[in-house]
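Nothing in this text is a laboratory measurement; each read-out follows from the coordinates by a stated rule. Fair warning: this is a prediction, and the values are worked out from it, not measured in the lab. All Cβ positions, even for glycine, are placed from backbone atoms using ideal geometry, and neighbour counts span all protein chains on display.
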Protein chains: 2
Amino acid sequence: MPKQTNTKQKIIDAAIDLIAKNGYKGASVRKIAAEVGIRESAIYNHFKNKEEILKVIVSQIFATPFETHDIEERAKKGKSFLHQFAVAYKLVSFDRKMEKLFRVLMIELFQNGQLRESFLQELHQKEIQQLSKAFFVMMQEGLIRSADPMFMAQEFLSPLFYIRLQVSLLRIDSKSTAPIAAHFEKHVDFFWESIAL
Amino acid sequence: MPKQTNTKQKIIDAAIDLIAKNGYKGASVRKIAAEVGIRESAIYNHFKNKEEILKVIVSQIFATPFETHDIEERAKKGKSFLHQFAVAYKLVSFDRKMEKLFRVLMIELFQNGQLRESFLQELHQKEIQQLSKAFFVMMQEGLIRSADPMFMAQEFLSPLFYIRLQVSLLRIDSKSTAPIAAHFEKHVDFFWESIAL
DNA sequence: ACCGCATATGAACAAGTGATCATATGACTT
DNA sequence: AAGTCATATGATCACTTGTTCATATGCGGT
């Protein structure tokens, strides 16, 4: 037998690929095994069952990639904080691995209650809370007009999400994302002009 | 045999229900037939195969429900046009049938190239074009600040889409949508304040 | 050299899949 | 009453699904 070639990771990667293409139900254990180069029964030496594979993948989706420290301090910089946030969001949107995980998320979101819970609580809520903290600081500093910080956070975040969705859809069909790549930064410009005093 | 009870429509409705819950692959011909109250073989008297059912459903998704006439004229009213648009969007978001179709769309969007094409071209592009026409008029009328109308349309539309997504997710788990129901109108207020001169 | 342990295989399973076909049923028209 | 036609059934098909199990293989430590 081959030595430590970390089959487990290969299985996860193959599963991500297949689920991102065909969904959880479309990614059969046999197809995953075939892509790794082993038989389906060998999979069960690494995972109790198919669902365990999904769980590992899901946990990767919510492994927070965003900087969460010093929000209050960094927020004082106003627009450049928003710019930083948007650029980080852009990077994640274009990262190959993260993009696949995003597809898995979108595909399974409506069919997996656990995933839904995590998306709303861990991902959405966390990002909103961070952003609303930042907007609150900006209001105190007199940088922006005053409004409900939480609502403002949603208004700022949702266009970023929508652009990410478009990027993901275009990339599946190998279409060019050039026309909307600049949208992330453009959104910051537009939004800042919308709230700056 | 029972007379004209329109089994075909029953099949479509059952299929929408099941696909909205379990995805296309999770909605087996047998399950659809069971929900209608017939055997699976009877389905094939009404549809050539399973995919034909999906095609009919997909066509319903893109049956445009939004008013498309008199955009230029109605746009002159400024904020109240945007309000109208948002409220129409809200109604569609909460309509039971449209909500199910939205779920079908989201579930299959990443797995069905035809659906992707239609979504980007027929739905997204159409809405953006209408809105950008409206914003262009508003700029000419001196109601709002000047900017790229197309981009402004996206900025206006994406939060509405995101709210719709949240509504749909909350409703699956029978959670209350009360906290975000007012977001549609709130978005119009916020956005108008962002662009009004 | 031996053993154990992790990992592989191939066969088998029960269940479910989409689809087909001969056959039956019953509401219409004639 | 007879015949037609749309629609139903039940059996059956070839195939795929997730999972299990007995068995094999070979690397690392003794």
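Key figures for this structure:
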| item | result |
| --- | --- |
| Dipole of the range B:133-191 [Lys/Arg +1, Asp/Glu -1 at C-beta], most positive-end residue of B:Ile163, B:Met138, B:Ser176 | B:Ser176 |
| Distant-in-sequence amide H partners of A:Ile144 (H built 1.01 Å from N, under 5 Å) | A:Met139, A:Leu197 |
| Förster-model FRET efficiency, 45 Å R0, B:Ala88 and A:Leu197, C-beta, rounded to 0.05 | 0.85 |
| Residue-averaged [θ]222 nm for chain B, counting only DSSP H segments that reach four residues, each worth -39500 (n - 2.57) | -22000 deg cm²/dmol |
| Using alpha-carbon coordinates, inclination of helix B:126-140 to the longest axis of chain B, degrees | 10 |
| Proxy reagent accessibility, fewest Cβ within 10 Å first, across A:Met139, A:Met152 | A:Met139, A:Met152 |
| The range A:37-52 - phi-based ³J(HN,Hα) in whole Hz, Karplus 6.51/-1.76/1.60, Gly and Pro as x | x, 10, 8, 4, 5, 5, 4, 6, 7, 10, 9, 4, 7, 4, 5, 4 |
| Integer Hz, Karplus 6.51/-1.76/1.60 couplings in order for the range B:173-178, x for Gly and Pro | 8, 6, 8, 5, 9, 3 |
| Gain upon complete extension [A:Ser176, A:Glu51; 0.36 nm per residue less C-alpha separation] | 41.6 nm |
| Per-copy distances of the B:Asp17 label point, shortest first, in nm (7 angstrom along Cα→Cβ) | 4.0 |
| Residue (of B:Ala20, A:Gln154, A:Ile53) at the positive-pole extreme of the protein assembly as shown, dipole from beta-carbon charges | A:Ile53 |
| Size of charge dipole - the range A:29-95 - debye, nearest 20, with Cβ of Lys, Arg +1 and Asp, Glu -1, no other charges | 180 |
| Label 7 Å beyond Cα on the Cβ vector: A:Asn49 copy-to-copy distances, nm | 3.1 |
| Cβ crowding within 10 Å averaged over residues, with A:69-80, B:82-93 ranked highest first | B:82-93, A:69-80 |
| Chain A Cβ-axis minimum, rotational copy B, residue and distance in Å | A:Ser194, 2 |
| Nearest-20 debye value, the range A:66-107 charge dipole, Cβ charges on Lys, Arg, Asp, Glu | 240 |
| Test item: Cα-centred dipole of chain B, Lys/Arg +1 and Asp/Glu -1 on Cβ, debye | 880 |
| Expected-Rg normalisation [2.2 N^0.38 Å, Cα atoms] applied to chain A | 1.21 |
| Pseudo-label separations to other copies for A:Ser176 - Cα-to-Cβ vector, 7 Å, nm | 5.0 |
| Sorted by Cβ density within 10 Å, fewest first, the residues A:His183, B:His46 | B:His46, A:His183 |
| Out-of-range pairs (alpha-carbon distance over 29 Å; input A:Lys97/B:Lys48; B:Lys25/B:Lys97; A:Lys55/A:Lys90; B:Lys77/B:Lys97) | A:Lys97/B:Lys48; B:Lys77/B:Lys97 |
| Local net charge near A:Lys186, Cβ-Cβ under 14 Å (Lys/Arg +1, Asp/Glu -1) | -3 |
| Ratio Rg/Rh, restricted to the range A:7-59 and using Cα atoms, in which Rh is the Kirkwood radius | 0.90 |
